[in-house]
Amino acid sequence: MNIENIIGKFTSVIISHKIKTLTLSLVLILFATSGVRFLETPAGYRSFVENDQQNYQDILNIEEKYGTIDTLTFVIKPKSGEIFQKDVLNVIDELTELSWKAPYSSRVSSLTNYQYTKVDGDDINISDFISDIDSLTEKELLNLKSLALKEKNIVNFILSKSSKVSFVNITLDVPIGTDFIEAITFAEAQKRLFNEKNPDIFVTVAGSARFSQNFQETAQSDATNMYPAFLVLIIILSYVLLRSVSASLLSLTIIFLSILPSMGAAGWLEYQVLPPLIIAPIIILTIALAHAIHILSIALANMNEGMQKDRAIIESIKINFIPVFLTSFTTAVGIAGVNFGNIPAFSEMANAVVFGSAFSFLLSVTVLPALFMIVPVKSQDKHNSILPILNALGNFVFKFKNYIILIISFLTVFLISLIPSLYFDDDFDSFFDRVDDWVEVKNIVNEEFGSSFFIFANMDSGEVDGITDPNYLRKLDDFATWLESQDEVVTVATVADVIKTLNKNMNEGSDEFYSIPSNKSLNAQYFLMYEFSVPYGMDLKDQMTADKSESRLLIRLNNFTSIQSRDFHQRTKDWIKDNLGSYQSDGIAGIPIMFPYVYQENTNGLLRGLIFSFGIIIIVIGITLRSIRFGLISVVPNIVPFILAYGVLSIFTKIVTFSHTVAILIAIGLVVDATIHFLTKYKKANLMNLTSYDAIQYCYKYVGYPIIVASVCLFCGFLFLLQSSFQTNFILGGMCALIIIFALIIDLLLLPSILLIFGKK
C-alpha cells in the first residue's frame with residue numbers, strides 16, 4: 001500500500017468518526033489553551049538578555065555592590081525661558097519631595113536637593129542647593145544658575161548645559177524579575193497632574209525603568225491595535241480567496257484553533273508577553289490559513305469537477321498531506337533556528353510559532369476534514385476563474401524560460417554586488433522610535449544631555465578603607481579624566497570629585513586646592529564629614545562599598561551605535577589594563593554596553609541557525625522527494641529571494657540590524673513552502689509520465705492558486721506588522737513581506753523555468 005492510500009484510509013477514518021475526532025480534539029485544545037493563564041508579565045529589558053551573558057553579569061555585579069542601576073526620571077522643561085525661574089524650581093522641588101513616595105524609591109536626586117558644600121568659618125556646611133524658593137530675588141536666581149553651572153556633578157547629570165532642562169532622578173530598588181508598573185503608574189499620574197497645574201512647564205518621564213516598561217506597554221498596544229484589524233483582514237482574505245462563506249468559516253476555525261493551544265503552550269512554558277511574542281499569533285494565523293486554503297481550494301475544485309463531498313476532501317488530503325506536513329516541518333525548522341541566537345524574547349516567539357505550525361498541520365488533516373463533512377459546503381465555480389490566467393502563465397514560462405532565467409540571473413548578480421556594502425550595526429535606543437511619546441522624550445533628553453542612559457565602572461583598591469588612599473583617588477580621578485576625553489562620554493562622577501570639592505572648600509574655596517590631598521587620614525575625615533552632614537538617602541552608598549574598598553564611576557554617555565559602543569568598551573578595557581596598575585576594575589557596564597554585545601552574539605548565533613535550518617530543509621526536501629536533483633534545484637528558489645531582498649535593502653540603507661537577521665530565519669521556513677508544493681506536484685506529474693509542458697501546467701493547475709493565496713496571506717500578515725509600535729517588529733515585518741513577494745515571483749517564474757530545463761527524468 002503506497003503512502004497516498006494510507007493517507008486516504010486515515011482521512012476516511014477521520015470522516016467516519018468525525019464527532020469523536022472533534023470531541024477529542026476539543027478536549028486537547030482546551031487543555032493546551034488553559035496554559036495561557038501562566039503567561040508572565042515581562043521584566044523589561046532583562047527579558048531580552050540571557051542570564052549568563054557576560055555583560056549582563058557585569059551589570060549584576062555592579063548592582064550587588066551598589067544597588068540597582070534602574071532609574072525613573074522626571075524631565076522638566078519650561079516652554080519658555082530657563083530652569084532658574086521660581087515657578088519652575090517649585091515644580092522641581094515638589095516633584096523631588098513626591099519622588100520619595102514612589103514605589104521602590106531608594107534615592108532621589110534633583111537640583112533642589114543637591115548636596116552643596118560651603119565653608120562656614122572653620123566648619124563645613126552641606127545642605128540642599130536650593131531652599132526657600134519663593135523668597136529668592138532675580139539676582140539670587142542668577143547667582144544660583146552661575147553656581148550650578150560650575151558644579152561638575154550638577155551639569156549633565158541633573159541640569160543641562162543650556163539650563164533649559166532639568167531632571168528629578170529616582171533610583172529604584174526593584175527586585176530583579178519584577179516589572180516597574182507600580183513606579184511607572186505613580187510617575188505618569190504625577191506627570192499628568194503637574195502638566196495640568198503648570199501649563200507653561202512641560203513634565204514627562206524618562207529613565208531606564210521607563211524604557212524597560214515600554215516593552216510591556218508596546219506589546220499590549222500592538223495586541224490591542226493590530227489584532228482586531230488583522231482579524232478583519234483575514235476574514236476578508238479568506239472569503240475573497242475561497243469565494244465560499246462556509247469554507248471561509250472552516251478556514252477561520254482552523255486558524256483560531258491553531259493559535260489558542262500555541263499560546264497556551266507558551267503559557268505552560270511560562271513565556272513572557274513581550275513585543276516579539278505578540279507577533280507569533282499573526283505568523284501562526286497566516287501559516288494555518290495557508291494550510292486551510294491549500295486543502296479547501298482543491299477540495300472545492302474536486303467538487304466542481306463532480307466529486308462527492310467525502311471523496312473531494314479525501315482526495316485533497318491525499319494530495320496535500322505530504323506538502324502540508326513538509327511545509328509545517330520546514331517552517332518549524334526554519335523559525336526554530338532563532339534559538340541559535342541569545343535573545344530569550346525572540347526564542348520564545350520562535351518556539352510559539354513552532355507550536356503553532358505543528359498544531360495547524362494536525363488540525364488541518366484531522367479537524368478540518370471532519371468539520372468539512374458537517375458544515376454545508378457547496379461547490380463554487382467562481383474560484384476557478386484564475387485557472388485561465390495560470391494556464392497563460394504556464395505558456396509564457398514554457399516559451400520564455402531561457403529569457404526568464406537570464407533576466408533573473410542578471411538581476412541577482414547585480415544585487416549580489418551591492419550586498420557587500422551592508423554592515424551589521426544596531427541602536428537599542430531605537431527600539432521605540434515608532435512611539436511618539438517616547439520619541440519626544442528621547443529627542444529632548446538626547447539634545448540636552450546626550451542620552452538618558454548611564455553606564456558604570458567599578459574600581460577595587462584591594463583593601464578595606466583603600467579608597468581613602470591618595471594613590472587610589474588619584475588613579476580614580478585619572479580614570480574619570482580619560483573617560484571624559486572620549487567622544488562617547490558626556491560627563492563622569494566619582495567619589496574623587498567629592499574629596500576634591502571638600503578639600504577646596506576647606507581651603508577658603510581656592511581653586512588650587514581642588515585636588516586630592518596627599519594625607520590618607522584627611523581623606524578619611526572628609527568622607528566621614530560628608531556622610532554625617534547629608535540627610536538620609538543622600539549619602540555615598542551608591543558610590544562606594546560599605547567597607548570602603550571599592551568605588552563606582554557614574555558615566556553619562558552620548559547616544560551612539562553598537563559598533564561605536566563595542567569600540568569604546570574595548571578602548572576602556574585597554575586603558576584599564578595599561579594604566580590602573582595594581583587596582584582592579586571589571587571595566588564598564590550598563591544597558592548601552594550590554595545590548596551591542598547581545599546583538600553581536602545574537603547575529604552570530606542566528607547565522608549559525610540559518611546554516612543549520614537551511615541545510616536541514618534542503619536535506620528533508622531531497623529525502624522526501626527521493627531526488628538529489630530536486631533537493632539541489634530547491635536551493636535556488638530559496639536563496640534568490642533573500643539575495644534580491646537584501647540587495648534592495650542595500651539601495652536604501654547600509655545597516656543590517658538583528659531584526660533583519662531574525663527575518664531571514666522566519667522567512668526561510670515560510671518561503672520554502674511554495675517550493676515544496678510545486679516540486680511535489682511536479683514529481684507526481686513525472687510519475688504520471690506527463691510531458692515537461694503538461695507537468696508544468698499540472699503544477700500551475702493544482703498548486704498555482706494555493707501558492708498565490710498562501711503568499712498573499714503571508715505578505716499581508718507581515719505587512720500588517722508595519723503598524724507595530726516596536727521598531728524591531730516593524731523592520732522584521734517589512735523585510736519578511738519583501739522576501740515573500742520575491743519568493744512568489746521566483747516560484748512562479750524561475751522555478752518552473754529551471755524544472756523545464758533540469759527537472760526532466
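The values are calculated or read from the model by the stated rules, or taken from the named source; none is laboratory data. Quick caveat, the model's predicted, so the values are computed rather than measured. Reconstructed Cβ throughout: ideal geometry from the backbone, glycine too, with neighbour counts over all protein chains shown.
For the condition β-branched (Val, Ile, Thr), at negative phi and modelled with pLDDT of 90 or more, what is the one hit in Ile322, Ile317?
Working: Ile322 fails: modelled with pLDDT of 90 or more.
When all the criteria are applied, what remains is Ile317.
Restricting to segment 663-694, and then to whatever is of a type in the set (S, T, N, Q) and over 14 Å from Ser328 (Cα atoms), can you tell me which residue is surrounded by the most Cβ atoms within 10 Å (Cβ to Cβ)? Talk me through it step by step, then tell me what you get.
Applying the first criterion (of a type in the set (S, T, N, Q)) to segment 663-694 yields 675, 680, 686, 689, 691-692.
Checking the rest, the ones that are also over 14 Å from Ser328 (Cα atoms) come to 680, 686, 689, 691-692.
Working: Thr680: 23, Asn686: 18, Asn689: 9, Thr691: 11, Ser692: 19.
If we take residues in segment 663-694 being of a type in the set (S, T, N, Q) and over 14 Å from Ser328 (Cα atoms), then Thr680 is surrounded by the most Cβ atoms within 10 Å (Cβ to Cβ).
Report yes if Leu285 is surrounded by 19 or more Cβ atoms within 10 Å (Cβ to Cβ), at pLDDT 85 or above and over 24 Å from Val703 (Cβ atoms), otherwise no. Lay out the reasoning, then the answer.
Details: surrounded by 19 or more Cβ atoms within 10 Å (Cβ to Cβ): yes; at pLDDT 85 or above: yes; over 24 Å from Val703 (Cβ atoms): no.
When the stated conditions are applied, Leu285 does not pass them.
Residues that are closer than 19 Å to Ala183 by Cα, of a type outside the set (Asp, Glu) and modelled with pLDDT of 90 or more: does segment 52-72 have at least one?
So far as segment 52-72 goes, yes, one or more of its residues are closer than 19 Å to Ala183 by Cα, of a type outside the set (Asp, Glu) and modelled with pLDDT of 90 or more.
Filter segment 72-87 down to the residues that are in contact with a strand residue (DSSP E or B) (Cβ under 8 Å, 6 or more places away or on another chain) and buried (at least 22 other Cβ atoms within 10 Å of the Cβ) and list them by number. Steps first, please.
As a first pass, look at segment 72-87 and keep what is in contact with a strand residue (DSSP E or B) (Cβ under 8 Å, 6 or more places away or on another chain): 72-79, 83, 85, 87.
Within segment 72-87, Leu72, Thr73, Phe74, Val75, Ile76, Ile83 qualify.
Filter segment 338-361 for residues that are surrounded by 24 or more Cβ atoms within 10 Å (Cβ to Cβ) and among the polar types (S, T, N, Q) and give the result.
Residues satisfying the conditions are Ser357, Ser360.
What residue, among those in segment 580-600 that are part of a loop (DSSP other than H, G, I, E, B) and not polar (S, T, N, Q), is surrounded by the fewest Cβ atoms within 10 Å (Cβ to Cβ)?
To start, the set of residues in segment 580-600 that are part of a loop (DSSP other than H, G, I, E, B) comprises 580-583, 585-587, 590.
Subsequent filtering for residues that are not polar (S, T, N, Q) retains 580-581, 583, 586-587, 590.
On the way: Leu580: 16, Gly581: 10, Tyr583: 19, Asp586: 17, Gly587: 18, Gly590: 22.
Looking at residues that are part of a loop (DSSP other than H, G, I, E, B) and not polar (S, T, N, Q), I get Gly581.
Val119 - would you say it is aliphatic (A, V, I, L, M), at pLDDT below 90 and surrounded by 14 or more Cβ atoms within 10 Å (Cβ to Cβ)?
Details: aliphatic (A, V, I, L, M): yes; at pLDDT below 90: yes; surrounded by 14 or more Cβ atoms within 10 Å (Cβ to Cβ): yes.
For Val119, the condition - aliphatic (A, V, I, L, M), at pLDDT below 90 and surrounded by 14 or more Cβ atoms within 10 Å (Cβ to Cβ) - is met.
Within the bounds of segment 463-474, is there any residue that is in contact (Cβ under 8 Å) with a residue 12 or more places away in the chain, exposed (fewer than 13 other Cβ atoms within 10 Å of the Cβ), out of contact with any His (no Cβ under 7 Å at 6 or more places or on another chain) and among the aliphatic types (A, V, I, L, M)?
Yes.
Looking for whichever is in contact (Cβ under 8 Å) with a residue 60 or more places away in the chain and within 23 Å of the chain's Cα centre (by Cα) here; the options are Leu610, Leu644. Which one fits? Show your work before the answer.
Working: Leu644 fails: within 23 Å of the chain's Cα centre (by Cα).
On inspection, the qualifying residue turns out to be Leu610.
Can you name the residue in segment 695-720 that is of a type in the set (Phe, Trp, Tyr) and over 18 Å from Pro323 (Cα atoms) and, of all such residues, is surrounded by the fewest Cβ atoms within 10 Å (Cβ to Cβ)? First the steps, then the outcome.
Step one: filter segment 695-720 for residues of a type in the set (Phe, Trp, Tyr), giving 698, 700, 702, 705, 715, 718, 720.
Now drop any that are not over 18 Å from Pro323 (Cα atoms), which leaves 715, 718, 720.
On the way: Phe715: 19, Phe718: 28, Phe720: 21.
This residue is Phe715.
Being within 24 Å of Lys79 (Cβ to Cβ), within 28 Å of the chain's Cα centre (by Cα) and of a type in the set (S, T, N, Q) is the filter here; which residues of segment 184-209 pass it?
Thr204
Sort out which residues of segment 314-341 are of a type in the set (A, V, I, L, M, F, W, C) and under 32 Å from the mean Cα position of the chain (by Cα), and write them in order of number.
Our first condition is that a residue be of a type in the set (A, V, I, L, M, F, W, C); within segment 314-341, this holds for 314, 317, 319, 321-322, 324-326, 329, 332-333, 335-336, 338, 340.
Within segment 314-341, Val324, Phe325, Leu326, Phe329, Ala332, Val333, Ile335, Ala336, Val338, Phe340 qualify.
Can you pull out the residues in segment 235-253 that are crowded, with 23+ Cβ neighbours inside 10 Å and either in contact (Cβ under 8 Å) with a residue 60 or more places away in the chain or under 28 Å from the mean Cα position of the chain (by Cα) (or both)?
Within segment 235-253, Leu241, Leu242, Ala247, Leu250 meet the criteria.
Quick grid of which residues meet (1) small (Gly, Ala, Ser); (2) buried (at least 21 other Cβ atoms within 10 Å of the Cβ); (3) touching a residue at least 60 places away in the same chain (Cβ under 8 Å); (4) outside the structural domain of Gln115 (by TED's automatic domain parsing):
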residue	(1), (2), (3), (4)
Gly537	yes, no, yes, yes
Leu540	no, no, no, yes
Arg552	no, yes, yes, yes
Ile563	no, no, yes, yes
Trp575	no, no, yes, yes
Asp578	no, no, no, yes
Asn602	no, yes, yes, yes
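Looking only at segment 20-53, count every residue that is over 26 Å from Ile278 (Cβ atoms) and in contact (Cβ under 8 Å) with a residue 24 or more places away in the chain and tell me the total.
So the answer is 3.
How many of the residues making up segment 497-526 are surrounded by 15 or more Cβ atoms within 10 Å (Cβ to Cβ) and touching a residue at least 24 places away in the same chain (Cβ under 8 Å)?
Here the count works out to 13.
Go through segment 680-698 and report how many residues are assigned to a helix (DSSP H, G or I), at pLDDT 85 or above and among the polar types (S, T, N, Q).
Selection size over segment 680-698: 2.
From the residues in segment 183-229 that are of a type in the set (Asp, Glu) and at pLDDT 85 or above, which one is farthest from Gly450 (Cα to Cα)?
Among those that are of a type in the set (Asp, Glu) and at pLDDT 85 or above, it is Glu196.
In segment 426-449, which residues are in a loop (DSSP other than H, G, I, E, B) and crowded, with 20+ Cβ neighbours inside 10 Å?
So in segment 426-449, the residues in a loop (DSSP other than H, G, I, E, B) come out as 426-427, 431-435.
Passing the criteria: Asp426, Asp427, Phe431, Phe432.
Take the residues in segment 1-60 that are assigned to a helix (DSSP H, G or I) and acidic (Asp, Glu); name whichever of them is nearest to the chain's Cα centre (by Cα). Show your work before the answer.
Of segment 1-60, the ones assigned to a helix (DSSP H, G or I) are 3-16, 18-38, 44-48, 54-60.
The next check asks that each one be acidic (Asp, Glu); those that pass are 4, 58.
Values: Glu4: 43, Asp58: 22 Å.
For segment 1-60, the residue satisfying everything is Asp58.
Please go through segment 168-183 and give me each residue that is touching a Pro at 6+ places or on another chain (Cβ under 9 Å) and under 9 Å from Leu72 (Cβ atoms), ordered by number.
Leu172, Phe180, Ala183 - these are the residues of segment 168-183 that are touching a Pro at 6+ places or on another chain (Cβ under 9 Å) and under 9 Å from Leu72 (Cβ atoms).
Looking only at segment 725-758, which residues are of a type in the set (Phe, Trp, Tyr) and closer than 17 Å to His660 by Cα?
Filtering segment 725-758 down to residues of a type in the set (Phe, Trp, Tyr) leaves 726, 730, 742, 758.
Phe726, Phe730, Phe742, listed by residue number.
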